[in-house]
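Report on one structure; see the data block that follows.
The values are calculated or read from the model by the stated rules, or taken from the named source; none is laboratory data. Remember, predicted model here, so these are calculated numbers, not experimental data. Heads up, the Cβs are rebuilt from the backbone with ideal geometry, glycines too, and the neighbour counts pull from every protein chain shown. The area values use the complete protein model at the heavy-atom level, side chains included, leaving out ligands, DNA and RNA. Shrake-Rupley method; radii C 1.70, N 1.55, O 1.52, S 1.80 Å.
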Amino acid sequence: MSAPLPDGRPWPPPAPPARHPEHPAHPAYPAPAMLPTGPLTAPAGSPYAAQARNGTQRPLRELGATALLLVMGLVAMIGLLAAAALSANAFGIAGTDPAGEKIFSDPLADEALGLISLGLAIPAVLLVVRRIQRRPAGTISSVTGRLRLGWLGLCSVLALPALATQIGLLVWLLPPDGPEGAGDLFSPPAWPTLLLSLAVVWALVPFQAAAEEYLFRGWILQAFGAHLRRPWAGIAVGSLLFALAHGFGQWSGFALLCYSAAWYAWLTLRTGGLEAAIAHHMVNNLLAFTLEALADDIGSDGTAADAPWQALALDLVLTPLYCLCVVRLSERRSVRTLSS
């Protein structure tokens, strides 16, 4: 017998075990453990790089998801290019390039195809984030779980005069008749051709620039951030891959791409989202394609990897100036940098 209670009363008898409602002779079954089925978010107060740290991260999962992302992108791009090549041959508008690098005879159509194929990276990244990492797809856009369009627009307004000044200085510094010069800049094509070129590139370039940011700043930063507390490895790897993705050109172009990519990654971490980096990248590409349209040079083979040393010199000063101004503005406007 057990000892009585301090006041001398005996202990109450134990409660009888619960019985199954349909079989009273058997005890009730324990309630099954309910596993979460929806997307899982990182803990409140997590920075941008840690948005994939939701309890499901595994090193092999991130490696497999990266491989799957590359396969999906390649399959989608090859499928799009194959469909375009079949259409071009069917309608008699195929390119006549001996190397076979041009699918359409019209350089604007070929440029549009390239921009669309790059833009396909956005849905691929969002799908892998949601299905493989089991978190809300919007967490790769920002810590708020969505792309902050108002903040994106404000950063674009800030990037426009900065990049217009940078490109204007570059045009002034380059020799007019040099290989990277702007001798034909003020010899635009006929108005219908010019307006069509501007309409196409202004409609497609934002998606191309955003796709590169989602891949090289969003996915890579958060894939490393799922396991590492410091973001430097993600910044270094993402910047190097961003430069390599543009091909090999001049040393100055490669250095420019690595340098600007590192600042984009830093800016993404400091503002809690991709918007500021997308804005600068988008406005830069829009101005570059606009100059190509004015020079009737749409579809040229040059990329940022071919940038001369003058472009690198300007970028060394003006890109960090933009980033520091954006961070200062984000602090004044209390832009959220941690998840809620």
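A few notes on this one:
- The stretch 224-307: C-alpha gyration tensor shape, a/c 1.5 cut-off, then a/b vs b/c: oblate
- When Ser46, Ser340 are compared by accessible area at a 1.4 angstrom probe, the order from most to least is Ser340, Ser46.
- Normalised per residue, the accessible area of the stretch 50-160 is 51 Å², obtained with a 1.4 Å probe and no contribution from ligands, DNA or RNA.
- The residues His280, His246, His227, sorted by heavy-atom accessible surface at 1.4 Å with ligands and nucleic acids left out, run His227, His246, His280 from largest to smallest.
- Compared with the alpha-carbon gap, the fully stretched path from Leu74 to Leu321 is longer by 85.3 nm at 0.36 nm per residue.
- Listed residues Thr268, Ser252, Ala288: farthest to the positive end of the dipole of the stretch 179-304 (Cβ charges): Thr268
- Rounded to the nearest 0.05, the FRET efficiency derived from the C-beta distance between Thr56 and Asp296 at R0 = 56 Å is 0.60.
- Take Cys325: with every protein chain present and a 1.4 Å probe, its accessible area is about 60 Å².
- Span per principal axis, largest first, for the Cα atoms of the stretch 198-340 (Å): 49, 30, 26
- Annotation: per residue accessible area for the stretch 184-340 equals 46 Å², rounded to a whole number [probe 1.4 Å, protein chains only].
- Stretch gain in nm, segment Ala82-Leu194, where the contour uses 0.36 nm per residue and the Cα spacing is subtracted: 37.5 nm
- Sulfur and carbon atoms: percent of accessible area, the stretch 256-307 [1.4 Å]: 59 percent
- Rounded to the nearest 10 square angstrom, Asp297 shows an accessible area of 70 square angstrom against a 1.4 Å probe.
- Within the accessible area of the stretch 103-244 (1.4 Å probe), percent carbon and sulfur: 72 percent
- Area accessible to solvent at Arg270, 1.4 Å probe radius, in Å²: 100 Å²
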